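Okay, structure first, notes after.
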Amino acid sequence: MAVLHSNQLTLKHFVLRKQVLDFYRYAVRCTRGIPHPQARVETIAWIRSEIERNRHLTDVNLIEDKLRICRREVKQLLPAAASLPSRKD
């Protein structure tokens, strides 16, 4: 997989970056329903680590797939995320 420099990113990359950031913010807000503070901290750390682990990806299709997987996992783990909108774009 080729590494893209910031001046080689496409519009789709910028759109996906916004979607990932929006997802992260929403997932963190959903953790407010976790009653135990340590569990909440660990859940936020897990969400962040998943995003950081895939930070290097440049393939648009792969990024979309990873984002879809993360959305599904958060919906399964966090009851407050049941209203998380699924993206079909």
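Only one of the numbered conditions (1) within 20 Å of residue 9 (Cβ to Cβ); (2) in a helix (DSSP H, G or I); (3) in contact (Cβ under 8 Å) with a residue 24 or more places away in the chain; (4) not charged (D, E, K, R) is not met by residue 31, and that is (1). Which residue is modelled with the highest pLDDT, if the candidates are limited to segment 33-43 and must be surrounded by fewer than 16 Cβ atoms within 10 Å (Cβ to Cβ) and in contact with a helix residue (DSSP H, G or I) (Cβ under 8 Å, 6 or more places away or on another chain)? Restricting to residues being surrounded by fewer than 16 Cβ atoms within 10 Å (Cβ to Cβ) and in contact with a helix residue (DSSP H, G or I) (Cβ under 8 Å, 6 or more places away or on another chain), the top hit is 40.
Take the conditions in contact with a Lys or Arg (Cβ under 8 Å, 6 or more places away or on another chain), at pLDDT 90 or above and not aliphatic (A, V, I, L, M) and apply them to residue 54. Does it pass? Judged against the criteria, residue 54 is a match. Quick one: is residue 5 modelled with pLDDT of 90 or more and out of contact with any helix residue (DSSP H, G or I) (no Cβ under 7 Å at 6 or more places or on another chain)? No; evaluated as a whole, the condition is false for this residue. Looking only at residues in segment 58-80 that are of a type in the set (A, V, I, L, M) and surrounded by fewer than 16 Cβ atoms within 10 Å (Cβ to Cβ), which one is farthest from residue 14 (Cα to Cα)? Checking each candidate, the answer is 77.
The values are calculated or read from the model by the stated rules, or taken from the named source; none is laboratory data. Quick caveat, the model's predicted, so the values are computed rather than measured. Ideal geometry is used to build each Cβ from the backbone, glycine not excepted, and the neighbour counts take in all protein chains shown.
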